[in-house]
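Peer 1: Pasting a structure here, questions to come.
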Amino acid sequence: MEVLLAIPFLAFVGERLSEYLLKPLTERLPWPEGWGDYAERLICAIPGFAMGILTQFDLFAAVGVAMPHPAGVIITAICIGGGANFLHDIIGVIPDGANVNWVLYQAGEVLKSHHE
């Protein structure tokens, strides 16, 4: 459960670093038409992504979902790079004590609702 608490903290710190260090830079760069928001979002995700890779946190392992080693860490780093709100949306749906059975049940319910 410690990882589930540390990951949102890293997302928050990464988001603040991005707003303080990178956002002023990205707002001044000339982006091609339609690319400004997307490019800014990618560049501002760098601090959170880097912290996720350096800490090697794996959100999937924390809830009992087995993934090959680098995949879980990389996806978790992307989530951390997405910022606190993005990560809150993901972690907010995971109940305390969730495990792989809960995740598989939820995935099955989603698939079932799409086929009805």
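Peer 1: Search the range 1-20 for residues that are touching a residue at least 40 places away in the same chain (Cβ under 8 Å) and pair each with any residue that is buried (at least 17 other Cβ atoms within 10 Å of the Cβ) and among the polar types (S, T, N, Q) when their beta-carbon atoms are under 8 Å apart and the residues are at least 6 apart or on different chains.
Peer 2: Note: pairs meeting the criteria are ILE7/THR76.
Peer 1: Restricting attention to the range 13-53, report how many residues are surrounded by 15 or more Cβ atoms within 10 Å (Cβ to Cβ) and more than 19 Å from LEU87 (Cβ to Cβ).
Peer 2: Adding up the residues that qualify gives 1.
Peer 1: Quick one: how many residues across the range 74-108 are within 15 Å of VAL13 (Cβ to Cβ), among the aliphatic types (A, V, I, L, M) and at pLDDT 80 or above?
Peer 2: 2
The values are calculated or read from the model by the stated rules, or taken from the named source; none is laboratory data. In this text, all values refer to a predicted model and were calculated from it rather than measured experimentally. Using ideal geometry, Cβ is built from the backbone for each residue, glycine included, and neighbour counts are taken over all protein chains shown.
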